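Comments concern the structure below.
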Ligand SMILES: NC(=O)c1ccc[n+]([C@@H]2O[C@H](COP(=O)([O-])OP(=O)(O)OC[C@H]3O[C@@H](n4cnc5c(N)ncnc54)[C@H](OP(=O)(O)O)[C@@H]3O)[C@@H](O)[C@H]2O)c1
């Protein structure tokens, strides 16, 4: 049994990570800025970090300023690692994204730099592909348009539970640096994914693949965010979609 702090424990990934680690018998603390959180803290201001890290032997760092493309992520990660060093240097497991070193996308550059901070601290970094939830959120937004414009790219979506399972393995292992990437079980074409979503919600729309200008989109189009050699055996998109409440 380990005492584990999960940052971002209210988030899309952090929540299932905290739940799984708890179900495996670990003593899990979730860090959140929300008032009333058992371990309330702010990675950017540093408030609450020393208390949250007291007596912890592992940190799973899932927090990210995703709504603002990682704007505060480097300050947050530095503060976390400084506090971790003060708390006796627990094992820090960081979640990054496949292709951050190959795709010139601003959020990915920040993730890559954060990976460097984790490496200098002596932690473990796991890169994952896009979560099913992330793809679904995109499909929901695009499906509101009369003509559904879908990025002309492929994705390899993965269930957050399957990422959590891998994180749980890493928590039980010594510091590993950067481990093998983790991708979903299949590589799928985004326009087809959007069509499957429209079918699921019973909406008839034409889906048109679109290409955007710029090096970042070209890299996505070229599949630099995919890792077909590292497919999880976990939940497929169709299974995820089937189990998702229809939301119009
Ligand atoms: N989305 C994807 O497809 C994908 C794929 C691969 C990897 N990843 C990576 O996986 C990680 C988790 O992503 P996600 O989609 O689960 O994110 P998310 O749902 O947006 O959750 C972000 C979490 O970060 C916390 N947070 C943000 N700023 C904070 C701060 N200053 N102090 C403390 N907590 C803070 C939030 O907690 P409170 O608001 O409760 O404080 C929230 O729990 C990210 O590093 C992301 O880059 C994502």
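Descriptive notes on the structure:
- Inter-probe distance in nm under a simple model that places probes 7 Å from Cα toward Cβ, at residue 212 and residue 144: 1.7
- Per-pair calculated FRET efficiency, R0 = 51 Å: residue 74 and residue 203 via Cβ, rounded to 0.05: 0.80
- Relative contact order (%) - criterion: Cα under 8 Å, at least six apart; region: the stretch 3-242: 19
- Residues 23, 45, sorted so that the one with the fewest Cβ neighbours within 10 Å comes first: 23, 45
- Alpha-carbon spread of the stretch 59-186, three principal axes, descending order, Å: 56, 29, 22
- Ranking of 232, 196 by count of other Cβ atoms within 10 Å, fewest first: 196, 232
- Axis of helix 132-142 versus longest Cα principal axis of the chain: the two differ by about 40°, to the nearest ten degrees.
- Gained length - residue 1 relative to residue 179, 0.36 nm times residue gap less alpha-carbon distance: 61.8 nm
- Hull volume in cubic angstrom per residue (convex hull over the Cα atoms of the stretch 148-193): 89
- Our estimate of slack between residue 51 and residue 19, defined as 0.36 nm per intervening residue step minus the Cα-Cα distance, is 9.4 nm.
- Here the gap between residue 113 and residue 245, fully extended at 0.36 nm per residue and compared with their Cα-Cα distance, gives a gain of 43.8 nm.
- Rg and Dmax of the stretch 10-90, based on Cα coordinates, read 12.3, 34 Å.
- Volume of the Cα convex hull of the stretch 146-248, divided per residue and given in Å³: 118
- Largest first, the extents of the alpha carbon coordinates of the stretch 48-132 on the three principal axes equal 37, 26, 22 Å.
- The Kirkwood radius of the stretch 116-155, taken over pairs of alpha-carbon atoms, gives through the Stokes-Einstein law at 4 °C and 1.567 mPa s a diffusion coefficient of 100 µm² s⁻¹.
- Where N is the number of residues in the stretch 51-96, Cα Rg divided by 2.2 N^0.38 Å: 1.17
- Cα-based helix-to-principal-axis angle, 14-23 vs the chain, degrees rounded to 10: 60
- Normalised per residue, the volume of the convex hull around the Cα set of the chain (Å³): 126
- For the stretch 89-160, the calculated P(r), taken from all Cα-Cα distances in 10 Å bins from zero up to the bin holding the longest distance, is 17, 38, 29, 12, 3, 0 percent.
- Computed over the chain, the per-residue total of -39500 (n - 2.57) for DSSP H runs of n ≥ 4 gives a 222 nm mean residue ellipticity of -11000 deg cm²/dmol, rounded to 500.
- Relative to the longest principal axis of the Cα atoms of the chain, helix 106-121 runs at roughly 30 degrees.
Read the figures in this text as sums done on the coordinates, not as results from a lab. None of the values given here were measured: they were computed from a predicted structure. Heads up, the Cβs are rebuilt from the backbone with ideal geometry, glycines too, and the neighbour counts pull from every protein chain shown.
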